Amino acid sequence: MIVTSPSFTNNGNIPVKHTGFGEDKSPEFQISEAPEKTASFAIILDDLDVPWTKNFNHWIIWNIPKTQIIPEGLPAGGKITSPITATQGKAWGKKRYRGPKQPFFIKKEHRYVFYFYALDTFLDISENSNKKALQNDMQGHIIAETQICGRFRLTLR
């Protein structure tokens, strides 16, 4: 399974519009070579470089039907019905994409990893679920996984 984004290259810079300093829009993703038996996709977005915690979670979304494109700017809310169907759980306290937004006192570049999972089923968990619940429910259903990393550093003008 291969995941790319027209918004940024792997290990490239995430544009401001995909951050909390811009429009906070989820990036578009393009998926190729997903296994034939893929029923749905799940995505977990973590910031690997928050100094006070390991892997600060920014987004969880699952039950994305097998597709080749996950469009930019998915709406907020637990249940998404357009432009794709999916379920978003609680990450950073919200049921929505929350892009990079480091506090002003953090000057270091951060790595944001989008983990993609191809699943052989749709998951039956609540939209109030968190990352740990999603990871537990995915166990035994992951048939492929990959990741794409974006970088962001707050620069003050």
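The values are calculated or read from the model by the stated rules, or taken from the named source; none is laboratory data. Since the structure is predicted, the reported quantities are computational estimates derived from the model, not experimental observations. Note: ideal-geometry Cβ built from the backbone for every residue, glycine included; neighbour counts use all protein chains shown. For accessibility, only protein heavy atoms count, side chains too; no ligands or nucleic acids. Shrake-Rupley method; radii C 1.70, N 1.55, O 1.52, S 1.80 Å.
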Margin query: Pairs needed: first member in segment 39-68, over 25 Å from Gly140 (Cβ atoms); second member anywhere, in a strand (DSSP E or B) and among the hydroxyl-bearing types (Ser, Thr, Tyr); C-beta distance under 8 Å; at least 6 residues apart or different chains.
Written below: Asp47/Tyr112; Leu48/Tyr112; His58/Tyr112; Gln68/Ser32
Note to self: When you check Phe105 against the structure, is it surrounded by fewer than 17 Cβ atoms within 10 Å (Cβ to Cβ) and either out of contact with any His (no Cβ under 6 Å at 6 or more places or on another chain) or in a helix (DSSP H, G or I) (or both), yes or no?
What the structure shows: yes
Margin query: Filter segment 15-53 down to the residues that are closer than 13 Å to Arg98 by Cα, in a loop (DSSP other than H, G, I, E, B) and not polar (S, T, N, Q) and list them by number.
Written below: Gly20, Phe21, Gly22, Glu23, Asp24, Lys25, Pro27
Note to self: Between Phe116, Phe122, which is hydrophobic (A, V, I, L, M, F, W, C) and in a strand (DSSP E or B)?
What the structure shows: Phe116
Next item on the list: Find the residue count for segment 69-102, including only residues that are closer than 22 Å to Gly150 by Cα, touching an Asp or Glu at 6+ places or on another chain (Cβ under 7 Å), open to solvent by less than 40 Å² (accessible area, probe 1.4 Å) and free of Cβ contacts under 8 Å to residues at least 60 places away in the same chain.
Entry: 4
Check: Which condition number does Glu36 fail, the rest of (1) touching a helix residue (DSSP H, G or I) at 6+ places or on another chain (Cβ under 6 Å); (2) among the acidic types (Asp, Glu); (3) surrounded by fewer than 13 Cβ atoms within 10 Å (Cβ to Cβ) being met?
Finding: (1)
Next item on the list: Within segment 1-21, track down each residue that is open to solvent by less than 50 Å² (accessible area, probe 1.4 Å) and touching a residue at least 24 places away in the same chain (Cβ under 8 Å).
Entry: Met1, Val3, Ser5, Ser7, Phe8, Gly12, Ile14, His18, Thr19, Gly20
Next item on the list: Could you tell me which numbered condition Ile143 fails, if it satisfies all but one of (1) over 17 Å from the mean Cα position of the chain (by Cα); (2) aliphatic (A, V, I, L, M); (3) within 22 Å of Phe29 (Cα to Cα); (4) outside any strand (DSSP E or B)?
Entry: (4)
Check: Quick one: is Arg151 over 17 Å from Leu74 (Cβ atoms) and of a type in the set (Lys, Arg)?
Finding: yes
Next item on the list: Pairs only if they're at least six apart or on different chains, beta carbon under 6 angstrom, first in segment 136-157 and over 16 Å from Thr38 (Cα atoms) and touching a residue at least 40 places away in the same chain (Cβ under 8 Å), second in a strand (DSSP E or B) and among the basic types (Lys, Arg); list them, first residue then second.
Entry: Cys149/Arg111; Arg151/Arg111
Note to self: Restricting to segment 98-136, and then to whatever is of a type in the set (D, E, K, R) and within 17 Å of the chain's Cα centre (by Cα), can you tell me which residue is farthest from Pro27 (Cα to Cα)?
What the structure shows: Lys132
